[in-house]
Amino acid sequence: MGKVSRSTCILMVLTLVIATTALAGEYHYQSNLNCQECHTMHYSQSHQYDSALADAGHLNATPQADMAGGAKKYLLRNSDSDLCLSCHDGQTFAPDVKGDETPPTGGAYIREAGALTTGGTNHENYKGHTLGVSATPPGGTMSITLQCTNCHEPHGNANYRNLDGSSPVITYAKGSNNITKDVFLRSWSLGVIATNYSVDNVDFNEPDSTKSAMGQFCKGCHTDFHGKSGDSNMGSTSTGWLHHPTADADIGASVSDYKHSSLDVFKSRVYRAKVMSPTGDWGTQGTAWASAPSDLTPTCITCHKSHGNRNPFGLIYLSGTNVSTTLSEEGDTEGNSGTGSGMRKLCNQCHAQGGVL
Amino acid sequence: MDKTCVFKALTAIVVIALIVVTAPALMAYHSGTSLRCSQCHTQHFSQTHNYTTAPITPTTDKAPLGTTPRIYLLKDTVNAICKSCHDDAGSKDVVGAFSPTTPFVREAGALNELGGTGDYAEWKGHTLGSVATAPGGIWSDSAGLKCTDCHEPHGDPAGALDLSGVPIPVPYRNLNTEAGGASRGSINVSLANGATNDTSKDVWIKASGFSTNNIAYNEPSTTRSAMAEWCQKCHTNVHGDVGGTTIGGSGSPATQFTRHPSAGVDVGAVGDLTHSSLIRLNSLTNKVKLMGYTGTGAAPSTVTPTCITCHKAHGNKNPFGLIYMSGTGTVTEEGDSGTSVKDLCKQCHVQGT
């Protein structure tokens with residue numbers, strides 16, 4: 001074999017560095033994927049991760065205490081979502097995704113995805129995704145018993161939040177935006193949970209003006225709810241929408257009147273629901289957005305928390321009218337005050353029919 | 001002028017303005033703060049239960065929405081949605097028979113439906129689902145008459161104006177400004193709410209509820225009727241100005257009408273036995289609704305009949321929703337002890353008696 005040229009060597013090294021960097025995803029992926037966190041080779045171990053006992057620095061729990069129930073298939077330490085929740089529910093070292101938030105080390109934050117249901121007060125089953133319950137997803141056709149891995153790839157991937165199952169996948173940019181990617185994570189540092197998963201840290205691009213990557217993902221189960229203008233299940237502005245658009249319908253795109261969505265209404269909101277932007281421009285939350293462009297598009301996560309929250313169906317009752325409001329996973333104070341008006345206030349983010357509250 | 005004084009005055013003006021603007025909205029359902037998107041709309045046509053006809057028990061009435069989503073994200077057809085609440089035998093029932101817990105006489109009477117027979121046959125009032133052309137007009141709903149042809153479901157005033165051209169923040173009964181294809185920013189019916197009347201408004205709602213006892217009609221204009229002009233959006237030729245092509249009339253006081261006047265003509269204006277008689281009207285215990293009559297005591301000489309004087313806006317058990325009010329007996333949606341249209345005519349007319 002002849003000598004490899006200096007430039008070729010440099011190119012190979014650079015390629016390796018670039019490739020490594022691009023593939024150095026978030027947790028549960030590549031270098032952050034640790035087999036023993038979920039698997040046990042012989043179902044024999046002096047301890048496992050128990051929500052009451054586990055601690056990132058102290059794992060000396062009662063031997064065998066939580067290995068009850070017999071060996072699990074796939075060499076798993078625990079069954080299904082129980083395994084995930086042993087870290088992702090009630091711990092400070094991992095993002096809490098179920099029920100009320102256990103503040104991480106960095107302090108409490110508003111979870112972009114909200115909270116999975118618990119079946120108990122404030123997080124009843126109808127308020128979001130419910131693990132372990134067999135049901136047909138609304139708008140879907142097949143019955144499933146929902147587990148974390150129905151949506152998230154446990155071994156990780158290069159997609160946003162390790163989401164899996166859709167085609168094309170949900171891409172994301174980190175640190176600096178790339179409008180060809182579906183999601184923009186403003187920052188991500190290992191262990192900084194309060195920032196990584198915060199609602200302030202996530203925004204949604206619109207690489208294709210007729211599509212929504214999030215909508216496409218959700219459509220995998222909620223089949224009838226998603227599509228583009230003209231799809232038989234969706235309808236269109238000209239024929240009348242049959243399901244609320246989750247792509248391909250910009251705010252205020254129709255005749256600027258009181259019978260369709262209103263960009264003027266959206267602009268006036270100091271706190272605005274998450275929308276897709278093809279230019280990566282979402283304005284500044286906390287102030288009205290007089291220059292909001294006419295290309296902003298709502299999608300599923302505009303109105304719903306992906307996991308759920310304390311409102312029915314994980315709806316985000318965001319009034320957005322008070323700069324001094326208190327924001328929450330449920331929206332804001334004004335959106336969640338008054339009986340029965342929360343959904344109206346969410347609708348009033350973009351719609352003016354009947355006037356704006 | 002002292003700045004503090006000016007500030008206080010301006011603040012008072014703003015507060016008063018807010019009260020004036022806000023107060024009607026607080027009284028009207030399906031408007032302002034009482035408008036609930038989710039009562040009529042479903043974002044994804046996915047719901048564990050629907051609003052069945054009363055009595056509604058949400059925990060047990062889990063009828064799904066069906067298999068066919070509807071445009072505008074509606075839960076059902078327009079009339080079916082409206083009727084899911086407004087055809088339930090309760091106090092807000094507007095279709096057909098009526099049996100609330102506490103009985104009252106509905107000011108607007110009752111709608112009938114396509115195919116209706118008997119007490120609420122199609123020809124006895126407005127017929128939901130009818131594609132017929134409005135009598136006296138050219139308008140029809142090719143998809144069948146809908147509640148929303150007359151009532152704005154979002155309570156949007158659509159630029160409603162009163163007879164003086166003043167914007168109406170919330171029209172009476174959420175009447176649709178654009179009924180019959182009328183333009184946004186056209187005539188509608190204004191209202192005054194509460195114990196104190198405002199004669200500059202077309203209708204006085206004395207108390208909440210839909211009883212005829214709670215409603216009186218003012219006459220802000222002596223030559224026009226907002227209610228008639230609103231009805232005229234569909235029933236074009238049935239209403240009009242005195243001396244105009246639709247209703248005719250000449251002289252002063254005007255006579256020789258080609259269609260019964262619905263504005264601009266006071267009862268007893270001519271003052272003889274060949275025209276209307278105020279003496280006749282005031283001899284009766286039960287009087288029809290008239291503009292300028294609050295409903296108590298003797299009717300003044302300025303009272304004026306309009307469309308709702310003779311007709312229930314929705315309809316009743318009589319032909320064309322006519323109110324056969326002889327003047328005595330228990331008041332009902334059909335009138336009182338009266339049995340024919342002559343009883344109605346004799347509220348104001350003495351010809352032939």
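Residue-by-condition table, conditions (1) in contact (Cβ under 8 Å) with a residue 24 or more places away in the chain; (2) more than 13 Å from the chain's Cα centre (by Cα); (3) within 14 Å of chain A (Cβ to nearest Cβ):
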| residue | (1), (2), (3) |
| --- | --- |
| B:Ala132 | no, yes, no |
| B:Ala143 | no, yes, yes |
| B:Pro169 | yes, yes, yes |
| B:Gly180 | yes, yes, no |
| B:Ser190 | yes, no, no |
| B:Asp198 | no, yes, no |
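For region B:214-223, a tally of residues being in contact with a Gly (Cβ under 7 Å, 6 or more places away or on another chain) and buried (at least 16 other Cβ atoms within 10 Å of the Cβ) returns 3. Annotation: A:Cys218 fulfils all but one of (1) crowded, with 16+ Cβ neighbours inside 10 Å; (2) more than 14 Å from chain B (Cβ to nearest Cβ); (3) within 30 Å of A:Gly120 (Cβ to Cβ); (4) at pLDDT 90 or above; the unmet one is (2). Would you confirm whether or not region A:236-247 contains a residue that is in a loop (DSSP other than H, G, I, E, B) and more than 13 Å from every other protein chain (Cβ to nearest Cβ)? Yes, because at least one residue in region A:236-247 is in a loop (DSSP other than H, G, I, E, B) and more than 13 Å from every other protein chain (Cβ to nearest Cβ). Out of all the residues in region A:211-221, is one or more closer than 30 Å to A:Ser31 by Cβ and either aliphatic (A, V, I, L, M) or without any contact (Cβ under 8 Å) to a residue 40 or more places away in the chain (or both)? Among the residues of region A:211-221, at least one is closer than 30 Å to A:Ser31 by Cβ and either aliphatic (A, V, I, L, M) or without any contact (Cβ under 8 Å) to a residue 40 or more places away in the chain (or both), which makes the answer yes. Looking at region A:258-357, the helices (runs of 4 or more DSSP H) lying wholly inside it that each contain 2 or more residues that are closer than 24 Å to B:Thr33 by Cβ and within 14 Å of another protein chain (Cβ to nearest Cβ) sit at A:300-303, A:342-347. Of all residues in region B:135-150, those that are under 18 Å from B:Ala228 (Cβ atoms) and buried (at least 18 other Cβ atoms within 10 Å of the Cβ) total 2. Hey, B:Phe210 hits all of (1) within 11 Å of the chain's Cα centre (by Cα); (2) surrounded by fewer than 15 Cβ atoms within 10 Å (Cβ to Cβ) but one; which does it fall short on? Of everything listed in (1) within 11 Å of the chain's Cα centre (by Cα); (2) surrounded by fewer than 15 Cβ atoms within 10 Å (Cβ to Cβ), B:Phe210 misses just condition (2). Inside region B:67-103, residues that are crowded, with 16+ Cβ neighbours inside 10 Å, in contact with a helix residue (DSSP H, G or I) (Cβ under 7 Å, 6 or more places away or on another chain) and more than 14 Å from chain A (Cβ to nearest Cβ) make up a count of 7. Looking across region A:231-255 at every residue that is more than 23 Å from the chain's Cα centre (by Cα) and within 14 Å of A:Asp295 (Cα to Cα), the one that is surrounded by the most Cβ atoms within 10 Å (Cβ to Cβ) is identified as A:Gly252. Residues in region B:266-273 include none that are buried (at least 19 other Cβ atoms within 10 Å of the Cβ) and within 19 Å of the chain's Cα centre (by Cα). Of all the listed residues (A:Leu75, A:Leu116), the sole one being surrounded by fewer than 17 Cβ atoms within 10 Å (Cβ to Cβ) and of a type in the set (A, V, I, L, M) is A:Leu75. Looking at region B:228-243, is at least one residue crowded, with 21+ Cβ neighbours inside 10 Å, in contact with a Phe, Trp or Tyr (Cβ under 7 Å, 6 or more places away or on another chain), of a type in the set (A, V, I, L, M, F, W, C) and assigned to a loop (DSSP other than H, G, I, E, B)? Yes, because at least one residue in region B:228-243 is crowded, with 21+ Cβ neighbours inside 10 Å, in contact with a Phe, Trp or Tyr (Cβ under 7 Å, 6 or more places away or on another chain), of a type in the set (A, V, I, L, M, F, W, C) and assigned to a loop (DSSP other than H, G, I, E, B).
To keep it simple, each residue is scored yes or no on (1) surrounded by fewer than 16 Cβ atoms within 10 Å (Cβ to Cβ); (2) touching a strand residue (DSSP E or B) at 6+ places or on another chain (Cβ under 9 Å); (3) on the phi > 0 side of the Ramachandran plot.
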site: B:Ser277; (1), (2), (3): no, yes, no
site: B:Cys310; (1), (2), (3): no, yes, no
site: B:Thr328; (1), (2), (3): yes, no, no
site: B:Gly352; (1), (2), (3): yes, no, yes
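In region B:262-353, counting only helices (runs of 4 or more DSSP H) that sit wholly within it, the ones holding 2 or more residues that are in contact with a Phe, Trp or Tyr (Cβ under 9 Å, 6 or more places away or on another chain) span B:307-310, B:341-345. Does A:Phe225 fit the bill of being within 14 Å of chain B (Cβ to nearest Cβ) and buried (at least 23 other Cβ atoms within 10 Å of the Cβ)? The answer is yes for A:Phe225.
Taking the numbered list (1) modelled with pLDDT of 95 or more; (2) on the phi < 0 side of the Ramachandran plot in turn, A:Thr105 passes all entries but (1).
Out of B:Gly159, B:Gly155, report the one residue that is farther than 24 Å from B:His311 by Cα, surrounded by 20 or more Cβ atoms within 10 Å (Cβ to Cβ) and modelled with pLDDT under 95. Step by step, each of B:Gly159, B:Gly155 is checked, and only B:Gly155 is farther than 24 Å from B:His311 by Cα, surrounded by 20 or more Cβ atoms within 10 Å (Cβ to Cβ) and modelled with pLDDT under 95.
Beta carbons closer than 6 Å, at least 6 apart along the sequence or on distinct chains, pair a first residue in region A:103-126 that is among the aromatic types (Phe, Trp, Tyr) with a second that is part of a strand (DSSP E or B) for A:Tyr109/A:Ser198. Per the listing A:Thr302, A:Thr321, the residue uniquely polar (S, T, N, Q) and more than 22 Å from the chain's Cα centre (by Cα) is A:Thr321. When region A:82-116 is filtered for residues that are small (Gly, Ala, Ser), assigned to a loop (DSSP other than H, G, I, E, B) and within 18 Å of the chain's Cα centre (by Cα), the ones remaining, listed by number, are A:Ala94, A:Gly99, A:Ala108, A:Ala113, A:Ala115.
The values are calculated or read from the model by the stated rules, or taken from the named source; none is laboratory data. All figures in this text were calculated on a predicted structure; none of them were measured in a lab. Here the Cβ is made from the backbone with ideal geometry for all residues, glycine too, and neighbour counts use every protein chain on show.
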